[in-house]
Every structure is written in structure tokens, then in C-alpha cells.
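Read the figures in this text as sums done on the coordinates, not as results from a lab. Keep in mind it's a predicted model, so treat the numbers as computed, not measured. Cβ coordinates were reconstructed from backbone atoms using ideal geometry, including for glycine residues, and neighbour counts include every protein chain displayed.
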Ligand SMILES: [Fe+2]
Ligand SMILES: [Fe+2]
């Protein structure tokens, strides 16, 4: 029994969908999917149907692309309603989401919980000299504006920052409560720390990559590992002895579709 992880399946790309369809069943294993599955409701539902037919259990947390509302997708709701629309689809297929109790990993001797979290971003991933009110124009000056600004609606929150701050607060409360019962594998679409955002060609895209509210979570909570994606830069890093795993697949140019998806699934447990 293994705990595997991936993210950023981006199934609107035909090569990604084809490779996922060919992925063999692994009925003893659990799969973490850390967001950016698909923008369209129809694709998202197909993905959950397929993934749950191949793995014993699937755990999902939303990425920004999942939360987009495409003008051409008439099924899709907006903002918080879109999020809960996705949660409902997950429930149809028995996929665990940030709205469910954190599940215990059964193959551990001591209590270990898997916590899918959803924290979004608040534009605080920026150098100290850039003031909050100038962050967006600072990014725009380098030609960088995330499509989220158009397609990721915050409603009914006044802004994505406000949504992010609410999510961080409620997530912290759940992590405090869970920490009293065991250790935690935290799953989030976004990196928890600014120093994990290593976007050499578009450094100012960091604004849309997370929040400094989560920078010390690996110190405050007993995290065995942190699983995330969004950057499309796979890798393993450590901070203060805690393992941070960027597990994204990404767009077809970010991986080699001819190899299939299997080599890109990261084994989280047992630790290799
Ligand atoms: Fe992505
Ligand atoms: Fe993303």
C-alpha cells in the first residue's frame, strides 16, 4: 500500500488526458491530486470517475484552474459556489476534499493524518520593498498578469485575498485540533513558503502562488511532508527538516507525455 501524489493534470490538454487514460490501475494505492485537474466541469467529473476507478482512494484539493469560470462552460458556477460544485462532484465519487474530516493513513504505526487544505493567495509573496498596494502594478510592469484576475471569481468574498484569509484561519483551527491527535501530511495546491517559489523566467508571478500566512506552518504543526503543485517545477526540498514535494505534471511542455504518467507519480509513503 502506497501513498502517491500528483497535481496539475491540466486535462484540457489532449496529451495529458490521453496519458491519464492509459495509466494502469493501482487498486492498493491512494492518490493525492493537489489541484489544477481541469477548468471545465465535464472534464473534472470525467477525471474523478477515472481516478477513482484506478485507486483505492483519491484525495483532492482545488487549484486555481479548477476554480476558473470559463464563459463557454455553461455548467460552471462562480467563486465559492464553483468550489462547492467541485466538492459535490468529488462526493459523488467518494473523493476526499478539504471539506471532509482528515483521513488517517492506515499503514502508519503512529497516528498520521492526510490534510487536504485550500489556502489560495493574497499577493504577499513579493519582495519586502514592494508595497501591498503596488504589487499588481509591479507584476504588470514585467508583463505578468495571471489569468486568475479574469476567470477566478472571489464571490461572495470581496476579493481573493479575503477568501484566502478566511481559508487560512479556518484551516489553522483544524490543523491545531489535528496536531493534538497525530502528525500530518499537508496537501495544498500552493507552496506554503515564498522561498519555495522559484520561477526564474517570471519571478513576479509569485503574487499568485501563495500567502506568507502559511510560511511557518511546518514549524507550528507536526508536518511529516507537504505536498503541493502549481509551479510546474517538480522537485523535493527540505525546510527545517520538513520534506516539501512539488509533484506537478503540468502542461505537455513541462513533462514527456511519451513516457506516460506513471513515472511522474511521486511516492510519498512509504518514504523511498
Ligand atoms: Fe497548474
Ligand atoms: Fe495552479
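Multiplying the residue separation of residue 142 and residue 254 by 0.36 nm and subtracting their alpha-carbon distance yields 38.1 nm. Cβ crowding within 10 Å ranks 48, 1 as 1, 48, fewest other Cβ atoms first. Build a GNM of the chain with springs between Cα atoms under 10 Å: which of 154, 106, 116 gets the top mean-square fluctuation? For the chain, modelled as a Gaussian network with Cα springs under 10 Å, the answer is 106.
Using the rule -39500 (n - 2.57) for each DSSP H run of four or more residues, divided by the residues of the chain, the 222 nm mean residue ellipticity is -8000 deg cm²/dmol. GNM remark for the chain: springs join alpha carbons under 10 Å apart, and the peak mean-square fluctuation among 161, 140, 246 falls on 140. When 82, 40, 212 are sorted by how many other C-beta atoms sit within 10 angstrom of their C-beta, beginning with the fewest, the order is 212, 40, 82.
The label point for residue 212 and the one for residue 49, both projected 7 Å from the Cα toward the Cβ, are 4.6 nm apart. Cβ-Cβ distance of residue 240 and residue 134, R₀ of 35 Å, FRET efficiency by 1/(1 + (r/R0)^6): the value works out to about 0.65. What FRET efficiency, computed as 1/(1 + (r/R0)^6) with R0 = 22 Å and r the Cβ-Cβ distance, is obtained for residue 195 and residue 103, rounded to the nearest 0.05? Efficiency, from the Cβ-Cβ distance: 0.15. In a fully extended conformation the segment linking residue 14 and residue 110 would gain 30.4 nm over its present Cα-Cα distance, using 0.36 nm per residue. Scaled against 2.2 N^0.38 Å for its residue count N, the alpha carbon radius of gyration of the stretch 104-208 is 1.29. Evaluated over the Cα positions of the chain, the convex hull gives a direction-averaged projected area, one quarter of its surface, of 13.9 nm². In terms of the mean number of neighbouring beta-carbon atoms within 10 Å, the peptides 68-77, 127-136, 175-184 order highest first as 175-184, 68-77, 127-136. Extending 7 Å from the Cα toward the beta-carbon at both residue 149 and residue 267 defines two label points whose distance is 4.4 nm. Taking one quarter of the surface of the C-alpha convex hull of the stretch 33-75 gives a mean projected area of 2.8 nm². Calculated on C-alpha atoms, the gyration radius of the stretch 57-98 divided by its Kirkwood radius gives an Rg/Rh of 0.98.
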